[in-house]
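See below for the structure under consideration.
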Amino acid sequence: MRNLFVALAVAGGLSTICSLSLQSPALAQQQQQNALASLPPALRAAVQSGSSSAVASAITTLSGGDATRSATLAAQTVAAAEQLLATNPQAAVQVAAATVEAVRSLPVQQSAPQQTQNVLTTAARIFVSPAATQVVPQQAANLAVATMTAAQSTNNSTVIATVAVNAVTAAERILTVNPAAAVQVAAVAVQTVQPQTVNGSAPSQALQVVTTAARIAVNPAAQQVAPTSVAQIATTAVQIATTPAVYQASPSAAIAVMANSYAAVSSQTVAAAAPTASTTVVTTLNQASTSSQLSQINTTNGAQVAAILANPTPTNPQQAQTGTGSTTTQTTQNQNTQNQNPVVPVTNQNTLSQASPS
């Protein structure tokens, strides 16, 4: 009898699991339909067309010049775009691009800051998604750059840093399939978190950005297609990583940024294209090695920086992985698992955010 009860329980459990698995696609479709149904008919038709220009035109017409109305429509539309990811990644990215454009102006951002933040963080989830980076990597890169540009004008350091984290993560995912786009996005991401107002307010996220960007910079494919941009990434990344607030977030990650940045500017390809970059990085590293603030945070800082200068090789030799376009090693994965699939937060975090790789 006991065996019969166990068998029935197992069968019931399997039935529930099967039922849930069968309901998942239907649930996703229902969510998509609900998101679309909430839109005005003209905007709904534009979203279903997958045309960025059609969506932009519909938002402009329906808002009637009202900034708050424009932001509200953009927020509703980008929510619908996110629901399109599973079935039509290209349309999702194109629709999201139109919504980001709709909230780029200062009048919109000032009159509707919350809706603007919703648009930017949702767009960031869209362009960093595996569906976008695998199916439409170039369009995802374009959306990442546009979203970072729009985020910078909000003066909201949390939103700015969050979008930059997702952008550089997307860049690493497309590195193997489109290294030029990956470098472009990484360069903009590093510039985005360079202001002290950003990295001082969101040091953990700023460190995530430069950690991933430095891994991209040390990749030979990146160096080959855009050596001057790689030099820019490396010099800026090492400057950010050696600021006390950012360094304190994770000294080991900051040291990895220094090592990879120095390795990048020391490569023949980058040195030939940007001969002064190595001098700039070395100067920054020398200053970091004698910094009393950094030594108080990490007592072995001086020795570690000296070791970097004595051996200009990356701390994490690149090993291409298939599927996501990311380039990491086991060591880097253990130290920086938060870079694989960041979750868009709404408040600053005191530690590097952790998430499971997709």
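Counted residue by residue at 0.36 nm each, then reduced by the alpha carbon distance between them, the extension gain from Asn311 to Thr269 reaches 13.4 nm. Residue separation of Thr149 and Ser292 scaled by 0.36 nm, minus their Cα-Cα distance, works out to 47.9 nm of gained length. From most to least packed by mean Cβ count within 10 Å, the peptides 271-277, 214-220, 192-198 give 214-220, 192-198, 271-277. Note that the stretch 181-187 has calculated 3J(HN,Hα) couplings of 5, 4, 5, 4, 5, 4, 5 Hz, one per residue in order, obtained from phi through the Karplus relation 6.51 cos²θ - 1.76 cosθ + 1.60 (θ = phi - 60°); glycine and proline are x. Scalar couplings 3J(HN,Hα) for the stretch 80-89, obtained by applying the Karplus form with A = 6.51, B = -1.76, C = 1.60 to θ = phi - 60°, are 5, 4, 5, 5, 7, 3, 5, 10, 8, x Hz; x denotes Gly and Pro. Remark on Ser267: its backbone amide H falls under 5 Å from none of the residues 5 or more positions apart or on other chains, H modelled at 1.01 Å from N.
Computed from the coordinates by the stated procedures, all read-outs in this text should not be read as laboratory data. Just so we're clear, the structure is a prediction, and the values are computed from it rather than from any experiment. Methodologically, a virtual Cβ is constructed for each residue, glycine included, from the backbone with ideal geometry; neighbour enumeration extends over all protein chains shown.
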